[in-house]
Amino acid sequence: MDFRLMGMDNTPIFHVLQHMMDTAGDESDKSVNAPSRIYVRDAKAMAATPADVKEYPNSYVFVVDMPGLKSGDIKVQVEEENVLLISGERKREEEKEGAKYIRMERRVGKFMRKFTLPENANTGAISAVCQDGVLTVTVQKLPPPEPKKTKTIEVKVA
């Protein structure tokens, strides 16, 4: 039904209804507001990776549980100069002959967390240690800037 042919195209509600009817069957318009697959995958990976963040006088410490992972399965990176990215993948154990899963509750797949670092974070001094299934990433703080000295200007009498 085309409201324009009926002479009802002067009101805003009919413009909206006509637009909805015009685009109802259009598949290309459907994806305009839908999140991308990559966004959904990253959002799930981030939601499934809880972390604790602590601030000390000289550093920031990020603590993430990583049970059963080897250091080769974990990546710690800095991107865009101030975003700490912790990512990796937990792989499923290979099934042994004769064994079958009755229940699978442990999470497998990719994980990721991103943290925007404060301005005083020293991205050149980051260390990461994984011990007993707990990843600890330490980001040192930059020393506070020294206060600028007051400059006295001599006033001359002319």
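The values are calculated or read from the model by the stated rules, or taken from the named source; none is laboratory data. As the structure is a prediction and not an experimental result, all values here were calculated from the model. Glycine also receives a Cβ, built like all others from the backbone with ideal geometry; neighbour counts cover every protein chain displayed. Surface accessibility is based on the protein's heavy atoms, side chains included, excluding ligands, DNA and RNA. Shrake-Rupley method; radii C 1.70, N 1.55, O 1.52, S 1.80 Å.
Does L17 qualify as being surrounded by 14 or more Cβ atoms within 10 Å (Cβ to Cβ), modelled with pLDDT of 70 or more and aliphatic (A, V, I, L, M)?
On the way: surrounded by 14 or more Cβ atoms within 10 Å (Cβ to Cβ): yes; modelled with pLDDT of 70 or more: no; aliphatic (A, V, I, L, M): yes.
For L17, the condition - surrounded by 14 or more Cβ atoms within 10 Å (Cβ to Cβ), modelled with pLDDT of 70 or more and aliphatic (A, V, I, L, M) - is not met.
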Completion exercise
Taking region 34-67 and the residues there that are part of a loop (DSSP other than H, G, I, E, B) and within 24 Å of M112 (Cβ to Cβ), the one that is modelled with the lowest pLDDT would be A48
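Of all residues in region 102-158, count the ones that are open to solvent by 100 Å² or more (accessible area, probe 1.4 Å) and either of a type in the set (S, T, Y) or closer than 15 Å to A51 by Cβ (or both).
Let us first name the residues in region 102-158 that are open to solvent by 100 Å² or more (accessible area, probe 1.4 Å), namely 102-103, 105-106, 110, 116, 119, 131-132, 143-158.
Among the residues that remain, those that are also either of a type in the set (S, T, Y) or closer than 15 Å to A51 by Cβ (or both) are: 116, 150, 152.
Counting residues in region 102-158 that are open to solvent by 100 Å² or more (accessible area, probe 1.4 Å) and either of a type in the set (S, T, Y) or closer than 15 Å to A51 by Cβ (or both) gives 3.
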